[in-house]
Amino acid sequence: MTDTASETISDDAAHAPSHEPSHEPSRFAATLRLLLRSPTFVVGALILLAWIVCAIAGAWIAPYDAYASDPLSSLLPPDHTHWCGTDQLGRDICSRVIVGARDILTIAPLATLTGTLAGAALGLLTGYLEGWGGTLVARALDAVLALPLVIVALLVLAAVGASNLAVVLVIGITFAPLVARTVRAAVLAERHLDYVAAARLRGERALYVMFAEILPNVWPPIVVEATVRLGYAIFAVATLSFLGFGIQPPSADWGLALAESYALLAGGAWWTVAFDALAIASLVVAANLIADSLREVLET
């Protein structure tokens, strides 16, 4: 009897599930490794990281006070003292470019996050809900997409007044239909698959099926779309600031700096706009490089 019991215990132990940690690499770790092998992603990430450091520690790493004017040093060309020259008020342009990263890297990501969250929710709803309701919302989103972003933003900001919060909301709301269209297409490809049908048969509610079952399977295009929108948001914030409806003085924002110095190009002071324009271009390019790499890795 004892031998039989011992054999039974041994058999149970042999078939018991192992609690040792699995050495299988997680999907996140595997994706990260693939991204780090991509020169495109590495270059884009390094550029973005450099500007993030400037946004966080700009006041400490800038060679001069970005807001201190010196009329005696106005419009100096780039030299060993002022690497990027000075503007019409004698302010060091290099310092202003470094400090100016803070506002645009605060507003653009917040606007992108707002548009991504709203668009993902709308895309899930219009893609999952069948019938005239989902179709009607989808057609309304298509109508909104036909409106030029900058024109809509200018009209809204002219009505409610220019502020950082207004810029975030306007750009976010304008981006939401673009994200929703992408998410809706992904949801339409998923909603008739077996795992969705199984969740419905279990009696799960629609919100649970959308957010707990479908959303985890459509997150790659959402991440890619959010990264693409980040590049557009950076350009949109700079454009609105240049037109006087975005970030307001005395900020060192790049778009605002372009607006303040644009007239100086006629006098040959090219450096007053060149470095701010290059900063905007580099940040947009970095976001697009990261987006291209994410699309290649996540959607294959």
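Failed condition for PHE245, given (1) over 21 Å from GLY161 (Cα atoms); (2) crowded, with 18+ Cβ neighbours inside 10 Å; (3) at pLDDT below 90; (4) of a type in the set (Phe, Trp, Tyr), with all others met?
For PHE245, the exception is condition (1).
Kindly check whether there is at least one residue in region 92-111 that is closer than 24 Å to VAL237 by Cα and touching a Lys or Arg at 6+ places or on another chain (Cβ under 7 Å).
no
Taking the conditions exactly as written (at pLDDT below 95, surrounded by fewer than 20 Cβ atoms within 10 Å (Cβ to Cβ), under 20 Å from ALA101 (Cβ atoms) and of a type in the set (A, V, I, L, M)), does ALA259 satisfy them or not?
yes
Considering only residues of region 63-73 that are out of contact with any strand residue (DSSP E or B) (no Cβ under 6 Å at 6 or more places or on another chain) and either crowded, with 19+ Cβ neighbours inside 10 Å or not hydrophobic (A, V, I, L, M, F, W, C) (or both), which is nearest to ASP276 (Cα to Cα)?
For region 63-73, the residue satisfying everything is ALA66.
Residues in region 23-55 that are of a type in the set (Gly, Ala, Ser), in a helix (DSSP H, G or I) and within 20 Å of the chain's Cα centre (by Cα): how many?
Result for region 23-55: 4.
Scan region 243-257 and tell me whether some residue there is closer than 23 Å to CYS54 by Cβ, part of a loop (DSSP other than H, G, I, E, B) and among the charged types (D, E, K, R).
There is at least one residue in region 243-257 that is closer than 23 Å to CYS54 by Cβ, part of a loop (DSSP other than H, G, I, E, B) and among the charged types (D, E, K, R).
Is at least one residue of region 111-126 farther than 30 Å from ALA50 by Cβ and over 25 Å from the mean Cα position of the chain (by Cα)?
Scanning region 111-126 turns up no residue that is farther than 30 Å from ALA50 by Cβ and over 25 Å from the mean Cα position of the chain (by Cα).
Quick check on region 132-151. Is at least one of its residues among the small types (Gly, Ala, Ser) and touching a strand residue (DSSP E or B) at 6+ places or on another chain (Cβ under 9 Å)?
No, every residue in region 132-151 fails to be among the small types (Gly, Ala, Ser) and touching a strand residue (DSSP E or B) at 6+ places or on another chain (Cβ under 9 Å).
Identify, by number, the condition in (1) small (Gly, Ala, Ser); (2) surrounded by 18 or more Cβ atoms within 10 Å (Cβ to Cβ); (3) without any contact (Cβ under 8 Å) to a residue 60 or more places away in the chain that GLY115 doesn't meet.
Condition not satisfied by GLY115: (3).
Look through LEU141, LEU147, LEU169, LEU89 and report the one residue that is at pLDDT 90 or above, more than 19 Å from GLY244 (Cα to Cα) and of a type outside the set (Asp, Glu).
LEU89
Return yes or no: is ALA158 more than 29 Å from TRP51 (Cα to Cα) and surrounded by fewer than 18 Cβ atoms within 10 Å (Cβ to Cβ)?
yes
Of the residues that sit in region 191-209 and are surrounded by 14 or more Cβ atoms within 10 Å (Cβ to Cβ) and either acidic (Asp, Glu) or closer than 14 Å to THR126 by Cα (or both), which one is modelled with the highest pLDDT?
So, considering only residues that are surrounded by 14 or more Cβ atoms within 10 Å (Cβ to Cβ) and either acidic (Asp, Glu) or closer than 14 Å to THR126 by Cα (or both), the one modelled with the highest pLDDT is VAL209.
Just to be sure I understand the filter: pairs with C-beta atoms under 9 Å, separated by 6 or more residues or on different chains, first member in region 260-282 and without any contact (Cβ under 8 Å) to a residue 60 or more places away in the chain, second member among the polar types (S, T, N, Q) and assigned to a helix (DSSP H, G or I). Which pairs pass?
That search, which allows pairs on different chains as well, returns TYR262/THR272; LEU265/THR272; VAL273/SER261.
Could you count how many residues in region 262-272 are part of a helix (DSSP H, G or I) and either at pLDDT 90 or above or under 14 Å from SER74 (Cα atoms) (or both)?
Residues meeting the conditions: 4.
For the condition over 30 Å from the mean Cα position of the chain (by Cα), surrounded by fewer than 19 Cβ atoms within 10 Å (Cβ to Cβ) and modelled with pLDDT of 90 or more, what is the one hit in TRP60, TRP83?
So the residue among TRP60, TRP83 that is over 30 Å from the mean Cα position of the chain (by Cα), surrounded by fewer than 19 Cβ atoms within 10 Å (Cβ to Cβ) and modelled with pLDDT of 90 or more is TRP83.
Within region 210-229, does at least one residue satisfy the condition of being part of a loop (DSSP other than H, G, I, E, B), among the small types (Gly, Ala, Ser) and surrounded by 21 or more Cβ atoms within 10 Å (Cβ to Cβ)?
no
The values are calculated or read from the model by the stated rules, or taken from the named source; none is laboratory data. What you are looking at is a predicted structure, and each value in this text was computed from that prediction instead of being measured. Virtual Cβ from ideal backbone geometry, glycine too; neighbours counted across all protein chains shown.
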